[in-house]
Amino acid sequence: MRRVSTALLLVAIGLTSGCFKNELSPEEKALVDSLRTELKATQSELNDAKAKDATLSGGLMKALVGIRVEILGANVGLLEQRLNALESGSPIKQVTQVSKAEPELAKKLEAEISVANEDLAKSRADAAVTGGLVGVMKAAGVATKEQTLAMLQQRYLVAKYGLSLPLPPVQAVPATAEVAPNAQVNSPLPAAGKQAPELPAGSGPFGLEAGLSKDLIERMTGQLLTVEDEAQSLYMLESPPKPNDAFEQYGLIISPTVGLCQIRAIGKTINTNDYGHQLRDAFNGLQSALTTVYGKPQVLDALMPGSIWKDSRDWMMALRKKDRSLIAEWKSTQSAPLKSDVKNITMVARAQNTDKGYIVAQYSFSNEPTCEAEENQRTTGSL
């Protein structure tokens with residue numbers, strides 16, 4: 001602290017000993033006006049975000065809004081420092097770090113911000129007229145989009161004005177704690193792919209929720225997601241915020257526009273006999289557990305007509321040959337909606353061979369149609 005104070009004092013002495021700032025050039029005046037306009041708008045957004053944060057007591061929503069406050073605060077810092085450099089006449093290097101301005105990138109980001117603002121306005125309107133659990137999930141989706149927009153704005157400011165703001169290392173954020181001031185919010189995870197989670201678990205399946213972005217999921221889990229299938233936007237996750245012992249791997253369909261829309265939980269290998277007793281017991285156990293949360297499912301336990309694997313001791317062989325099906329399905333309806341914005345859940349028993357099997361549970365959220373449309377566009381767009 002003594003070093004910083006001494007440096008500031010020396011600058012002050014220099015300014016008062018005859019090294020006064022010349023009049024701003026027309027270009028500098030235009031830049032100051034532009035920065036002041038940006039600062040006024042950003043400060044207004046920051047005040048709104050702080051007011052919203054003050055109304056929240058905890059949980060995922062407060063964490064999302066808290067991080068938005070941090071990003072907007074950093075944006076205000078960028079603008080204030082640049083203004084200080086121009087108006088005081090101090091060399092920019094004494095005020096803030098500088099990088100090369102990228103006008104073309106700024107123009108592209110400005111277009112992205114425009115689209116993001118339109119999408120956010122629609123989401124806000126939709127969330128405002130929706131109540132219950134679905135409304136809560138949509139409000140979380142709005143908070144996620146607001147945070148994404150704040151990050152886009154930060155990238156835009158850096159590209160337009162050629163600035164970069166150093167931030168301290170990432171710190172973990174406990175579920176009940178407030179986001180620490182000046183916390184790093186957009187640094188990549190280390191190469192090892194694991195670190196302490198920054199965000200608390202959500203209230204949906206496995207601690208995840210519809211609409212979460214890839215970045216948010218990585219910060220909730222402390223893990224890098226790996227791409228399994230680009231056409232589907234399918235990512236693999238080793239362990240979600242709330243893992244279940246029955247499953248060992250998780251596939252996530254994450255749209256670049258609407259976020260998480262599907263979870264595929266892949267079960268552990270189950271050693272079983274030819275009759276499939278152990279696999280069926282595990283299936284029934286999971287079905288019972290899901291029934292307590294989502295209600296009674298529709299169950300299909302059937303052998304295809306004419307199959308040669310019709311004897312009870314051929315149960316696993318029939319399953320392996322796809323002559324037999326063991327499926328449980330939960331569907332959301334208007335009269336009985338599933339919790340956490342889940343549209344449907346499908347649980348399937350599968351056979352690796354006649355003495356080993358596993359279970360797959362697929363959770364699809366209400367935004368899944370958008371993911372399907374995007375996949376179709378990626379698949380057929382070049383034809």
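The values are calculated or read from the model by the stated rules, or taken from the named source; none is laboratory data. Bear in mind the structure is a predicted one, so any value in this text is a computation, not a measurement. Every residue, glycine as well, gets a Cβ built from its backbone with ideal geometry; the counts of neighbours run over all protein chains shown.
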Among the charged types (D, E, K, R), more than 30 Å from Arg280 (Cβ to Cβ) and touching a Ser or Thr at 6+ places or on another chain (Cβ under 9 Å) - does that describe any residue in segment 345-355? no
Scope segment 97-114; condition at pLDDT 80 or above and either in a strand (DSSP E or B) or basic (Lys, Arg) (or both); matching residues: Lys107, Lys108
If I ask for residues that are under 21 Å from the mean Cα position of the chain (by Cα) and surrounded by fewer than 15 Cβ atoms within 10 Å (Cβ to Cβ), which ones from segment 347-369 would you list? Pro369
Within the group Ala282, Ala231, Ala210, Ala201, which residue is at pLDDT 90 or above and either in contact with a helix residue (DSSP H, G or I) (Cβ under 7 Å, 6 or more places away or on another chain) or more than 26 Å from Ser123 (Cα to Cα) (or both)? Ala282
Can you find a residue that is in contact (Cβ under 8 Å) with a residue 12 or more places away in the chain, basic (Lys, Arg) and touching a Leu at 6+ places or on another chain (Cβ under 8 Å) anywhere in segment 351-372? no
Return the residues of segment 276-325 that are aromatic (Phe, Trp, Tyr) and either surrounded by 18 or more Cβ atoms within 10 Å (Cβ to Cβ) or not assigned by TED's automatic domain parsing to the domain that holds Arg350 (or both); say none if nothing qualifies. Phe283, Tyr294, Trp315
Given the criterion at pLDDT 95 or above and among the hydroxyl-bearing types (Ser, Thr, Tyr), identify the matching residue among Ser239, Ser255, Ser288. Ser288
Counting only residues that are surrounded by 17 or more Cβ atoms within 10 Å (Cβ to Cβ) and touching a Gly at 6+ places or on another chain (Cβ under 9 Å), how many does segment 336-346 have? 4
Can Tyr235 be described as assigned by TED's automatic domain parsing to the domain that holds Glu375, part of a strand (DSSP E or B), under 13 Å from the mean Cα position of the chain (by Cα) and not hydrophobic (A, V, I, L, M, F, W, C)? yes
Against the condition among the polar types (S, T, N, Q) and either free of Cβ contacts under 8 Å to residues at least 60 places away in the same chain or outside the structural domain of Ile253 (by TED's automatic domain parsing) (or both), how does Ser332 come out, does it pass? yes
Log entry, pairs with first residue in segment 209-225 being assigned by TED's automatic domain parsing to the domain that holds Pro241 and of a type in the set (Gly, Ala, Ser), second being in a loop (DSSP other than H, G, I, E, B) and modelled with pLDDT of 85 or more, beta carbons closer than 7 Å, six or more apart or on different chains, reads Ala210/Gly204; Ala210/Ser366; Ala210/Asn367; Gly211/Asn367
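This table checks each residue for (1) assigned by TED's automatic domain parsing to the domain that holds Leu149; (2) at pLDDT 80 or above.
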| position | (1), (2) |
| --- | --- |
| Cys19 | no, no |
| Gly77 | yes, yes |
| Ala85 | yes, no |
| Val95 | yes, no |
